[in-house]
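Chemist: Structure below; questions to follow.
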Amino acid sequence: MGAVLVDPAGRIVARAGNRTRELADPTGHAEILAIRSACAALGSERLPGHDLYVTLEPCPMCASAISQARIARLYYGAGDPKSGGIAQGPRIFAHSQSHHVPEVYDGIGAGEAERLLKAFFLGRRG
């Protein structure tokens, strides 16, 4: 799983991949790490006007962080029927507790993203 955060001028400000096992941190998802990196670089807890691109539909934790960071637009490839939190499962952005709802563009290269993710995890489970 990968994430890239882009500023309003189109420059990449952060990128990350999942590192939960490497960091022994259940919050080490690509989205969380990219958001943390961008916020630290900009000295702000909010990222208005920024776009986030991710391979897979964000989980509920990441969807909440996206809302808290006030990210303007979210683009993701494959849906995640098992752990997704946007179009699947709890649909975080549909809740009244979600104080900010980004524009969401799903299915961007969904077939390719799904194939890449399946091949990656098949190789890890080997």
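Chemist: Using a 10 angstrom Cβ neighbour count of at most 11 plus a DSSP loop assignment to flag exposed trypsin sites (Lys or Arg not before Pro), which longest range of the chain is free of such sites?
Modeler: Values: sites that count: Arg11, Lys82.
Counting at most 11 other Cβ atoms within 10 Å as exposed, the longest clean stretch of the chain is 12-81.
Chemist: Multiplying the sequence separation of Ile108 and Asp25 by 0.36 nm and subtracting their Cα-Cα distance, what value in nm do you get?
Modeler: Numbers: separation 83, 0.36 × 83 = 29.88 nm, distance 2.84 nm.
Once the chain is fully extended between Ile108 and Asp25, it gains 27.0 nm.
Chemist: Which value in Å does the Kirkwood hydrodynamic radius of the chain take, with 1/r averaged over all unlike C-alpha pairs and then inverted? Before the final figure, lay out the partial values.
Modeler: Working: mean 1/r = 0.0686 Å⁻¹.
For the chain, the Kirkwood estimate is 14.6 Å.
Chemist: Where does helix 110-125 land angle-wise versus the long Cα axis of the chain, in degrees 0 to 90, nearest 10?
Modeler: Roughly 60 degrees, rounded to the nearest 10.
Chemist: Can you work out ³J(HN,Hα) from phi for every residue in segment 20-26, in order, using Karplus 6.51 cos²θ - 1.76 cosθ + 1.60 and θ = phi - 60°, giving whole Hz and x for Gly and Pro?
Modeler: Couplings: 4, 6, 4, 8, 6, 9, x Hz.
Chemist: Still on this structure, please answer the following. Compute the accessible area per residue over the chain, keeping the other protein chains in place, probe 1.4 Å, unit Å². All intermediate terms of the calculation are to be shown ahead of the outcome.
Modeler: Details: 7090 Å² over 126 residues.
Accessible area per residue, the chain: 56 Å².
Chemist: In degrees, nearest 10, range 0 to 90: what is the angle between the Cα axis of helix 30-42 and the longest Cα principal axis of the chain?
Modeler: Once rounded, the angle reads 30 degrees.
Chemist: Between Tyr75 and residues 5 or more places away or on another chain, which pairs have amide H atoms under 5 Å apart, with H built 1.01 Å from N, and which residues are they?
Modeler: Excluding prolines and chain starts, which carry no amide H, the hits are Leu52, Tyr53, Val54, Tyr105.
Chemist: Let me ask another. To check my understanding: the extent here is largest minus smallest coordinate of the Cα atoms along each principal axis. What are those three numbers for segment 61-121, in Å, largest first?
Modeler: Here the spans come out as 36, 21, 14 Å, largest first.
Chemist: Related question: Over the chain, what percent of the accessible surface lies on carbon and sulfur atoms, probe 1.4 Å?
Modeler: Working: 3780 of 7090 Å².
Carbon plus sulfur share of accessible area: 53 percent.
Chemist: In segment 15-126, if the dipole is taken from +1 on Lys/Arg beta carbons and -1 on Asp/Glu beta carbons about the Cα centre, which of Gly109, Leu52, Ala34 is farthest to the positive end?
Modeler: Ranked along the dipole, the leading option is Ala34.
Chemist: While we're looking at this one, here's another question. Return the sequence-ordered ³J(HN,Hα) values of segment 102-109 in whole Hz as given by the Karplus equation 6.51 cos²θ - 1.76 cosθ + 1.60 applied to θ = phi - 60°, using x for Gly and Pro.
Modeler: Calculated HN-Hα couplings, in order: x, 5, 10, 10, 9, x, 5, x Hz.
The values are calculated or read from the model by the stated rules, or taken from the named source; none is laboratory data. Source: prediction; values computed, not measured. Don't worry about glycine lacking a Cβ; one is built from the backbone with ideal geometry, like all the others, and counts go over all protein chains shown. In case anyone asks, the SASA skips ligands and DNA or RNA and just uses the protein heavy atoms, side chains included. Shrake-Rupley method; radii C 1.70, N 1.55, O 1.52, S 1.80 Å.
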